[in-house]
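Engineer: Submitted below is the structure of interest, expressed as structure tokens.
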Amino acid sequence: MSGPSNEPPIVTVVGERVALGPLRRDLLPLYQRWINDLSAVRNFGVPPRPQTAEQEAAWYDAAATAADTTSFTVYERATWRSVGTTALRAIDFRHRRAEFGILIGADDRGKGYGTEATRLTLDYAFTALGLHNVMLRVYEYNLAGRRAYAKAGFREFGRRRQAQWMGGRFWDEIYMECLATELRSPVLGRVFVPDKPTG
């Protein structure tokens, strides 16, 4: 589901299998469907409450206008279907840091979209925005997420022990980070280069 038109959506960063573009108001019903999927929300550390259309619209308005947040819709390039969202939150340009978050819809998990979308978002953070450190929080039980983050370039740097209750027990909250010096730009390094002088 990519919207009412068959035209490709507006995109900002184009990778091999996925592309990142701005959030879209016409996709609010899809965003709402994803955030009401408890198999995804269990990884967010928020109470698993149903999200209404009004709540999702309020989230969209806040995310689309926040000065310290950049959010993307993730598209599958083969079909231009919307498959998820990513975000850089708490962007601090003075200290050149931000926090990362991602949500891939249930039908599109396990296909490598999350790993590539994570890498493209890091490329945007480091190459386009000039950030130096991007961190995330992931729960110990989210094995697929931890694998995807590590594959994309994140490394664990600490834990808050037994800080999340899920499935009848406490789990660690794991902190991971990636530095600009640790990621080779997959896309934008070819865009953000000075023009060559012409003879």
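Just so it is clear, none of the values below were taken in a lab; they were calculated from the coordinates. In this text the structure is predicted, and so the values were computed from the model without any measurement. All Cβ positions, glycine included, derive from the backbone under ideal geometry; neighbour counts span all protein chains shown.
Engineer: Please list 3J(HN,Hα) in residue order for the stretch 15-32, calculated via the Karplus relation 6.51 cos²θ - 1.76 cosθ + 1.60 where θ = phi - 60°; whole Hz, with x for glycine and proline.
Structural biologist: So the Karplus estimates, Gly and Pro as x, are x, 6, 10, 10, 9, 10, x, x, 4, 9, 4, 5, 9, 3, x, 6, 4, 5 Hz.
Engineer: Report the relative contact order of the chain, percent, no decimals, based on alpha-carbon pairs under 8 angstrom and at least 6 residues apart.
Structural biologist: Normalised by residue count, the contact order of the chain is 18 percent.
Engineer: When only DSSP loop residues count, what trypsin sites (Lys or Arg not before Pro) in the stretch 148-198 have their Cβ near at most 14 other Cβ atoms within 10 Å?
Structural biologist: Arg184
Engineer: So how strong a dipole does the stretch 14-86 carry about its Cα centre when Lys and Arg Cβ are +1 and Asp and Glu Cβ are -1, to the nearest 20 debye?
Structural biologist: Computed charge dipole of the stretch 14-86: roughly 220 debye.
Engineer: For the stretch 13-90, how big is Rg over Rh, using alpha carbon atoms and the Kirkwood form of Rh?
Structural biologist: 0.96
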